[in-house]
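For reference, the structure is listed below as structure tokens.
The values are calculated or read from the model by the stated rules, or taken from the named source; none is laboratory data. Just so it is clear, the structure is predicted and the values come from calculations on it, not from any experiment. Neighbour counts are summed over all protein chains in view; Cβ atoms, including those assigned to glycine, are modelled from backbone coordinates with ideal geometry. These accessible areas exclude ligands, DNA and RNA; they are computed on the full protein's heavy atoms, side chains included. Shrake-Rupley method; radii C 1.70, N 1.55, O 1.52, S 1.80 Å.
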Amino acid sequence: MGRNLEDLLIFIGKRFLQLLPVLFGIILLMFLVTHVFPLNPCPRWYPKASQQVLANCEAQFSQPVLTQFWTYFTKLLAGNWGASQFGQPVYPVITERFPATLELVLASMFLMIFIGIPLGVIGAQYAGRWADHLVRVLYLSGWSIPTYVGAIVAAVFLAPVVGLPAGHEYSTTSPPFAQVTHMSVVDAILAGNFPYTVDALEHLILPAGVLAFIEMGNATRMTRSAMLEVMPLEYVKSARMKGLSNFIVMYKHALRNALITATTVLGVTAGGLLAGTVVIEEVFSWPGIGAYAFAALGGGGEPNFDGAIAVVIVFALGVVIANLIADILYGVLDPRVDWR
Amino acid sequence: MTTPVLSVENLSVDYEVGAGVFHAVSDISLVIPPGRVVGIVGETGCGKSTLAQAIPRLLPEPPARIRSGKVIFQGTDLVPVPKAKLPMVRGTGIGMIFQEPLNSLNPAFRIYDQIAEAVQMRHWREDGILPSFHPGPAPFDYSRRPITMPSTADVLSRPVMPGTAKDVMAARRVRTRTDLRDEVLDYLRLVRINDPETILSLYPHELSGGMRQRIMIAMALSAKPALLIADEPTSALDVTIQAQVLTLMKELIDEVSASILYISHDLGVVAETADDLGVMYAGRLVEFGPVAEIFQTPRHPYTKSLLRSIPTRYKSDWPMPTIPGSVPNLSQLPAGCRFHPRCSLARPVCTQEPPPALRVIETTVGATTSHHAACHYAEEVPGLP
Ligand SMILES: Nc1ncnc2c1ncn2[C@@H]1O[C@H](COP(=O)(O)OP(=O)(O)O)[C@@H](O)[C@H]1O
Ligand code: SF4
Ligand SMILES: [Mg+2]
């Protein structure tokens with residue numbers, strides 16, 4: 001049995017190494033789907049490009065597939081992720097916008113953990129009774145509402161009612177401090193600007209809330225079923241027999257074990273959350289890569305092919321990393337997992 | 001005459017599930033005087049665990065439902081107590097050892113944390129930080145001190161924070177971390193774990209079943225419960241380990257002389273541990289009395305056949321008698337006496353009239369428990385072959 005710090009580092013290292021072939025596979029797949037065509041795709045990719053650009057593009061496509069992939073892969077690693085139809089490089093835009101999306105996703109995850117998981121516990125505790133049905137109605141309605149409907153309802157109808165802003169990161173377009181991390185709340189905190197921190201939080205609540213509401217079902221349902229498995233076990237009864245309150249029994253003894261299985265949804269949820277940002281960011285004018293993807297896909301006029309691919313790669317990376325974190329969390333939470 | 005620690009009066013518990021209503025416990029009455037060990041035997045599925053868990057109201061309600069009856073613990077009926085107040089009764093009030101050592105310790109926490117939690121709860125109660133039944137005397141001293149039990153009704157209505165905040169803080173300061181650790185180690189030594197320091201930081205899955213059951217016993221005792229319920233503490237273990245844990249239980253019972261409800265499906269085990277014995281059949285208590293007396297002159301045909309089925313070393317050439325027929329389904333119980341399809345004494349009246357539930361009115365520590373049997377023809381049982 002190995003469960004000391006060194007073993008943990010080995011454990012995390014191993015998971016990380018396992019991740020590399022997965023990432024390579026994803027990039028290869030992305031490449032094949034987007035670059036291997038029976039016909040010449042250049043005129044479609046660069047519809048208004050000059051003759052020169054088209055010639056370059058065609059020269060590239062006439063090469064063998066493996067050579068093409070190698071060129072693509074090395075360029076990708078070097079940070080050359082292509083450019084938009086107006087010649088604006090994609091990579092700097094992604095790195096500048098990604099933190100905003102990360103902030104949005106982390107905020108929704110926070111809401112999912114602190115609302116979705118307790119709801120699952122309540123559902124399990126009152127299984128089959130009205131509280132359980134209420135919880136189910138709540139998360140099923142989140143699940144079944146299309147993202148854009150939920151986002152628009154929240155932005156147009158809910159925002160004025162609750163008095164929360166429904167767009168942008170701050171009330172002013174250029175806040176009086178440096179955008180170090182490009183996460184609105186973090187930047188405001190780093191600048192020590194309290195009013196702006198509150199302002200940023202207010203702007204974050206609605207988009208993060210809608211995103212969390214739509215994806216919360218995963219967390220609630222997994223928690224509920226894991227709790228239902230754990231609750232009849234005898235250690236829950238032994239905890240009760242110590243004279244602990246129902247709250248401690250549920251949230252310390254039962255939930256601690258239920259969470260071990262519930263972590264596996266983290267990966268699934270990350271995919272949903274990231275996909276949700278495309279619509280949510282567009283509706284709430286959130287300056288992240290979701291809105292960028294929306295524009296790149298032609299939402300604002302001309303499609304930006306390289307931009308769209310870049311967002312897909314970043315999303316794939318996000319899902320893979322979320323799964324890595326879930327995997328590590330599982331190992332940390334379950335003492336029966338050997339870290340060696 | 002002393003007030004009993006526990007008296008169960010006409011307790012009936014049903015499970016209401018899709019397949020029907022299972023009458024797992026029907027009209028059971030029994031009394032546990034202070035310092036006495038009451039054994040309960042019965043075949044698997046006859047409702048022993050349901051009875052055990054109904055006492056501290058541990059059953060999942062629903063599907064379980066306490067249909068009627070009283071569970072009077074230290075003077076207070078626990079059946080109407082609201083769920084939120086039940087934690088006060090558990091721990092220092094009632095402790096329990098479960099049958100399944102694989103599952104009865106939390107797999108996610110270290111051994112130390114699990115036992116320390118129980119000790120800590122007791123400290124908080126002793127210090128008045130947590131509301132509780134008055135903590136009973138230490139387990140070793142049950143027999144030596146006169147037991148003065150406060151009325152549980154008083155205790156339940158006591159405010160959550162008795163005393164001033166200053167008192168509470170002072171009490172808290174007395175207990176230090178090392179005290180807690182020492183106390184945990186003491187309880188581990190009490191269950192004959194030789195170098196307890198080594199297991200403190202282990203997780204349950206790193207220990208054997210016998211070891212886990214010892215820890216479970218230590219955990220239950222560390223709360224110093226006024227009543228200890230042991231629900232088949234040895235049944236799930238390997239035979240050799242079973243013998244070790246049984247020896248430990250017997251030694252502890254002698255040392256602790258606490259009030260214990262000891263449940264088993266093995267008459268031999270109960271004979272070695274208990275003072276009084278109750279025999280359960282299909283959810284009913286069919287016989288109750290002092291162990292020696294029941295073994296000598298059983299008054300219920302079921303007990304008689306159970307006793308016959310104990311393999312005896314001296315009569316190894318005996319054919320193992322089995323009781324013909326099978327245990328009735330608890331959702332479709334036979335009318336009249338539940339044992340009549342399998343009873344060699346059964347007469348027509350047995351198929352119509354259930355024999356009166358045995359009623360244990362009063363027992364005292366000094367005097368022997370009176371002997372009761374739920375059978376129309378109890379007098380004829382000693383004459384059975
Ligand atoms: N959670 C439950 N739901 C429904 N029925 C149950 C449940 N637990 C026990 N029972 C029923 O109650 C009966 C008695 O069970 P139990 O008290 O565990 O018996 P024992 O401990 O004597 O083996 C069983 O036959 C079973 O049908
Ligand atoms: S009441 Fe009748 S059927 Fe029941 S045990 Fe006695 S003799 Fe047998
Ligand atoms: Mg049982």
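For region B:34-93: of the residues being of a type in the set (Ser, Thr, Tyr) and more than 17 Å from the chain's Cα centre (by Cα), which is nearest to the other protein chains (Cβ to nearest Cβ)?
For region B:34-93, the residue satisfying everything is B:Thr76.
Does any residue of region B:183-205 turn out to be assigned to a loop (DSSP other than H, G, I, E, B), within 16 Å of the chain's Cα centre (by Cα) and on the phi > 0 side of the Ramachandran plot?
Checked against the condition, which is being assigned to a loop (DSSP other than H, G, I, E, B), within 16 Å of the chain's Cα centre (by Cα) and on the phi > 0 side of the Ramachandran plot, region B:183-205 yields no hits at all.
What residue, of B:Ala274, B:Ala258, is more than 16 Å from ligand 3 (Cβ to nearest atom), under 13 Å from the mean Cα position of the chain (by Cα) and modelled with pLDDT under 80?
B:Ala258
Identify, from the list B:Val17, B:Val21, B:Val81, the residue that is surrounded by fewer than 19 Cβ atoms within 10 Å (Cβ to Cβ), among the β-branched types (Val, Ile, Thr) and more than 16 Å from ligand 1 (Cβ to nearest atom).
B:Val81
May I ask you to say which residue of B:Val155, B:Val191 is open to solvent by less than 10 Å² (accessible area, probe 1.4 Å) and at pLDDT 55 or above?
Matching residue, one of B:Val155, B:Val191: B:Val191.
Note down all Cβ pairs under 7 Å where the first residue falls in region B:94-116 and is within 7 Å of chain A (Cβ to nearest Cβ), the second is small (Gly, Ala, Ser) and in a loop (DSSP other than H, G, I, E, B), and they're at least six residues apart or on different chains.
B:Gly95/B:Ala223; B:Phe98/B:Ser104; B:Glu100/B:Ala236
Go through (1) under 27 Å from B:Pro341 (Cβ atoms); (2) assigned by TED's automatic domain parsing to the domain that holds B:Asp27 for B:Pro290 and report which single condition fails.
(1)
Would it be correct to say that B:Met280 is outside any helix (DSSP H, G or I), open to solvent by less than 10 Å² (accessible area, probe 1.4 Å), at negative phi and touching a residue at least 24 places away in the same chain (Cβ under 8 Å)?
When the stated conditions are applied, B:Met280 passes them.
Checking A:Lys75 against (1) under 16 Å from A:Gly307 (Cα atoms); (2) assigned to a loop (DSSP other than H, G, I, E, B), which single condition isn't satisfied?
Status for A:Lys75: all satisfied but (2).
Just one of (1) assigned by TED's automatic domain parsing to the domain that holds A:Glu281; (2) farther than 29 Å from A:Gly267 by Cβ trips up A:Phe98, so point out which.
The one condition A:Phe98 does not meet is (2).
For B:Ile260, are the conditions met, namely being within 13 Å of ligand 1 (Cβ to nearest atom), on the phi < 0 side of the Ramachandran plot and not in a helix (DSSP H, G or I)?
Criteria not met by B:Ile260.
Pairs, please: C-beta under 8 Å, at least 6 apart or cross-chain, first residue not assigned by TED's automatic domain parsing to the domain that holds A:Gln125 and in region A:220-246, second open to solvent by less than 50 Å² (accessible area, probe 1.4 Å)?
Qualifying pairs under 8 Å: none.
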